[in-house]
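Down below is the structure, laid out as structure tokens.
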């Protein structure tokens, strides 16, 4: 039993190698950028930390920022476990958002009861939307990286069209009608500011993803297909069906993320709507080594940086956009296998077990 | 007809203007992907160059300096992508996504640092239209094709040049071979890494021409996120054109036409949003029909590691 | 072989030495792939490099070609110490290599492939016309017939090999290394290749021929260097030796280690196929109207040269590859339309030829691998859920029973040695008490201890009345385990013999020569 525990610790430690190196380099780079703007990096970073976790409001802001990223991160992670790249989180989130914006208003008379119904509808639309690249791959061999990218813009345009034409409300800000407060996800309170119970839903989603992947037949198949299509085929598992399902389930996660943004934060879908949550979900997933627990941690880091940036900009004159640069650098470095090898030697790399060397040709 | 498409001359001119950045970026993407490195960072390469060009013009007032800034920015970002994908064996798709986010975050950061606020930069002197004598006098077609910015004329030249380089030079042969089978290239004594660096670097230079044309050819200022998916449309053109310079240019023109119609067609007839979907839908259809894999460079996306 | 052997080279040891490798050592982690290896090659000579798979032949040649750098030792070309850091250096020293797996680019033409990296130029442009002319010239001169304008994707394997040789000649190679060149060739193509090689040495080239096929080497080489476990065992004159002697040197023990075997108690037919046609991934007809029958209590061996349809046959019988036509029966029931899962539930076990990419999910734990086929059955699963604890418990038992080391259900499959991985596969496949077992190359890349263990297990299953189909490239294995031997050639069963058939009989069948219809 203790051997298993030790193995688990070593695995976890190894899994952290890539993320920690990426984060460290990114922050060092960020320090130089701060210096270049004529500020003290320590002051800037301490303000960043304060703004992320320094007060209940700050924590609330962090949780608020992390919530959608947990969903889009899971969308990437589940697909990745099947050996698939889901770059389509952006469009999937929009599909969920427009679903929630429409049904949230339509079902508002049901009050709080409408919330689960709306989110369930997001699961359905996200699942169907996510299944499209899966079917295109399984049936026609069209690569999911390209199709999910293309579907991002199709989804965004579709949602935008619906928000601006059939569902458009009168008013200054273009977008849909506001959803009645009774039918929105309530705030947590506890001094956490605008943080809402959507965060708990995100944690629940991570648990669901974990159980799905490691405690169900379907998850067993998805992981087998992802790690070894040959062996999965040998064992009589269908590659095609698992491809479709993994992408569809991913789509459902991202869409619920969009729904939670609408029901918990904005109360409607405006145009333009939130951007880059889908793309940042990729970073979150990779930082979390495509494990649900890691996804939550990654999302908290991303959310914390975004939240702390405001405080940083307030206390120094470093623009808050710095955090976007830091996040991009983290993503840039988090799969750099050879870099880790150069820094820490081959053994560390083997320990980190980088299974990220799959590419478009797979 | 006219109510949807506007006057034919205008529509043609608008098609060319909309297609130009797509053609540049698609041709750039071709060099990268033919060498075996996926480049979904075209969007970011264009964006950073669009910004760098405006900064150059802002600082110097010279279009030549602006062009230099744009090329340098595109090249540097491309080299970062190459460093990650080739030297550090990072995942190419992740690296490309990161390049996009880096350009978005970086331009946002620098907008505030340099110009004091986000949104739109101060106006700069753009690339004006330079009518070509005689040719621009041809009715309808003349003003549309030959009364454009020098960057458009450069685009006309780049298409055959790209074709020539790719299919008629030793460099092109090596580049194509690298994307098909790095092992074979390696055993033939050609450095796979170097060819891939060249390919990605060229993609940065060409994409930067597309970027600066957006900010200083069509407009005269930089706006945050102004590429607005054009890098991905260029990627779509590259794929729809089956990784061939002529095909990609044709696809870029088609997609440029769709964008032109977006701006001229009245909303009641066809909503904008559906017109904007056209490039993406066509690409998906093309992938489904061709089967995707049979036409892409065989070794695309795979880091090459010597034993 | 009574006729006078016609040797390739006119020169032998007496000729001037063009290449010498001295004391070459190369280690990969704990493995010493080459341990102080020295060889010499004379001008106009064909040197055979003989050894079992994994003996270190390919490593040595990769060092020569600059693909690996040696830990110790030196390479001397034309009397001069050569620093070969990459293939470029090798090429500039006049060394050319034809790899076992071709390094050709299917999307490019023959001429483009040949000139790649050393292109003829006209100004800044590629002079394709000259590339084609040069290719034509070379191919005529040495009888390497191939059309320079054809895309490589459209060539046969034999033609592709010619392109590989032309590539080296275009780069003015004087020393040519061929790594297992005949593995992929038909007998006719092999003859063609050998006559080309004779042309080449007659023209002053020197050739190193790597192979593990004894017979071929005797026919073509001047001297043979035998490598075993990374060391040179001996170098012999081809004229002064025979297959038996070479085999002993190569393996280091008497080859005929017969396994003790009881009399077969043959029962009912349990697995059978009729008129089975299967296509390969590339679309070619890989299995062409095969019929066979395996009865309880017997081992039917399938012998043949690699790539004659063995893989597809096994997969079609196991249900992981669809049959185009024909019938597969399991205990009398037509299971042609039943998938792999269904056949497994009906008592079919399948040890696939490639445990790395098929038999095991390398990054799964042993317990997950042990449940790879039964994860959806009790006690591992209920109502869609799976129970890792139950998997772990069952795996622990199975791993101990089959002596898998370490017997740790949480160990990653990929962390085990080849032999232990294969035992883990056997543990999974055999512990369900299957009635029919398909074992495809069960001992490939496995150490001697594991080989014996696996053989014993198969015989044990046989004595329990199981029907076993053994597909193997190792003739000795097929012969010592099987009760009957079917020989597969070009997707067909070309003959069936008993385990006492002579080498010659089997060899002729494996070369596709049935009943003297084509005189040898």
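So for segment A:208-298, what percent of the C-alpha to C-alpha distances run longer than 17 Å? Write out the running numbers ahead of the final one.
Working: 2428 of 4095 pairs.
That tail contains 59 percent of the Cα-Cα pairs.
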field: Spatial extent of chain B: Rg and Dmax, with the Cα atoms as the point set, Å
entry: 19.1, 63
- line: Between the modelled labels at residue A:344 and residue A:314 (7 Å from Cα along Cα→Cβ) the distance in nm is 3.6 nm
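What FRET efficiency do you get for residue A:24 and residue C:145 if R0 is 45 Å and r is their Cβ-Cβ distance, rounded to the nearest 0.05? Walk me through the numbers before you get to the answer.
Working: r = 60 Å, r/R0 = 1.34.
Given R0 = 45 Å and the Cβ-Cβ separation, E is 0.15.
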query: Per residue and in Å³, how big is the convex hull formed by the alpha-carbon atoms of segment B:1-127?
result: 143 Å³
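From the mean inverse distance of alpha carbon pairs (Kirkwood) and the Cα radius of gyration, derive Rg over Rh for segment C:232-366.
Working: Rg = 19.6 Å, Rh = 18.0 Å.
For segment C:232-366, the value is 1.09.
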Scattering curve values for chain C, log₁₀ I(q)/I(0), Debye with Cα scatterers, q = 0.07, 0.08, 0.12 Å⁻¹: -0.46, -0.59, -1.21
message: Can you bin every Cα-Cα distance in segment C:315-443 into 5 Å intervals starting at zero and give me the percent of pairs per bin, rounded to whole numbers?
response: 2, 11, 21, 22, 20, 14, 7, 3, 1
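Provide the packing ranking of A:88-94, C:390-396, i.e. peptides ordered by the mean count of other C-beta atoms within 10 Å per residue, highest first.
A:88-94, C:390-396
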message: Need one value for A:219-228: mean number of C-beta atoms belonging to other chains within 10 Å of its residues' C-beta atoms.
response: 5
query: If each residue's Cβ is checked for other Cβ atoms within 10 Å, how do B:243, C:383, A:214 rank with the fewest at the top?
result: C:383, A:214, B:243
- prompt: What angle, in degrees between 0 and 90 and rounded to the nearest 10, separates the Cα long axis of helix B:150-168 from the longest principal axis of the Cα atoms of chain B?
  reply: 30 degrees
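Per residue, what volume in Å³ does the convex hull of the Cα atoms of segment A:61-316 enclose? Working shown, then result.
Values: hull volume 32.5 nm³, N = 256.
Given the Cα convex hull of segment A:61-316, per-residue volume reads 127 Å³.
To the nearest 0.05, how large is the calculated FRET efficiency for residue B:228 and residue C:153 if R₀ is 35 Å and r is the Cβ-Cβ distance? Show your work: numbers first, answer last.
Working: r = 40 Å, r/R0 = 1.14.
Step by step, r from the Cβ atoms, then E = 0.30.
For segment B:212-307, what number results from the quotient of the Cα radius of gyration and 2.2 N^0.38 Å? Please report the intermediate quantities before stating the final value.
Working: Rg = 16.3 Å, N = 96, 2.2 N^0.38 = 12.5 Å.
Normalised by 2.2 N^0.38 Å, the Cα Rg of segment B:212-307 equals 1.31.
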task: Based on the mean of other Cβ atoms within 10 Å per residue, sort peptides C:456-464, A:4-12 so the most packed one is first.
output: C:456-464, A:4-12
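Beyond 13 Å, how much of the Cα-Cα pair distribution for segment C:405-445 remains, as a whole percent?
Values: 453 of 820 pairs.
Summing the P(r) tail past 13 Å for segment C:405-445 gives 55 percent.
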task: May I ask for the distance between the Cα centers of segment B:96-143 and segment C:82-115, given as a whole number of Å?
output: 46 Å
task: Could you state the angle between the C-alpha long axis of helix C:187-202 and the longest principal axis of the C-alpha atoms of chain C, as a value from 0 to 90 degrees rounded to the nearest 10?
output: 20 degrees
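If we sort A:98-107, A:201-210 on the protection proxy, mean other Cβ atoms within 10 Å, highest first, what's the order? All intermediate terms of the calculation are to be shown ahead of the outcome.
Values: A:98-107: 24.8, A:201-210: 19.4.
Output ranking for A:98-107, A:201-210: A:98-107, A:201-210.
Only Cα pairs under 8 Å and at least 6 apart count here; give the relative contact order of segment A:61-316 as a rounded whole percent. Numbers along the way, then the final one.
On the way: 544 pairs, mean separation 110.6, N = 256.
Once normalised by length, the contact order is 43 percent.
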- line: Taking alpha-carbon centroids only, segment B:145-162 lies from segment C:285-312 a number of Å equal to 63 Å
task: Using only Cα atoms, tell me the angle between helix C:448-463 and the longest principal axis of chain C; keep it within 0 to 90° and round to the nearest 10.
output: 40 degrees
statement: Per-residue average of other protein chain Cβ atoms inside 10 Å, peptide A:334-341 -> 6
- prompt: Rounded to two decimals, what is Rg over Rh for segment C:376-459 when you use alpha-carbon atoms and the Kirkwood radius?
  reply: 1.00
message: For a quick check: sort A:150, A:237 by the number of other beta carbons within 10 angstrom, fewest at the front.
response: A:237, A:150
query: Taking each residue of B:102-114 in turn, how many C-beta atoms of other protein chains fall within 10 Å of its C-beta, and what is the average?
result: 6
statement: Rounded to a whole number, the Stokes-Einstein D of segment B:113-216 in µm²/s (Kirkwood radius over Cα pairs; 10 °C; 1.306 mPa s) is 93 µm²/s
- prompt: Under 18 Å from a point 7 Å along the Cα-to-Cβ line of residue C:80: which residues of segment C:197-232 have their amide N that close?
  reply: C:206
- line: Per residue convex hull volume, Cα only, the protein assembly as shown, in Å³ is 197 Å³
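Estimate the FRET efficiency between residue B:140 and residue A:165 by the formula 1/(1 + (r/R0)^6), using the beta-carbon distance for r and 56 Å for R0, to the nearest 0.05. Numbers along the way, then the final one.
Values: r = 34 Å, r/R0 = 0.61.
Computed FRET efficiency for residue B:140 and residue A:165 comes out at 0.95.
Bear in mind that the values in this text are calculations on the coordinates, not laboratory data. As the structure is a prediction and not an experimental result, all values here were calculated from the model. As a convention, Cβ positions derive from the backbone with ideal geometry for all residues, glycine included, and neighbour counts pool all protein chains shown.
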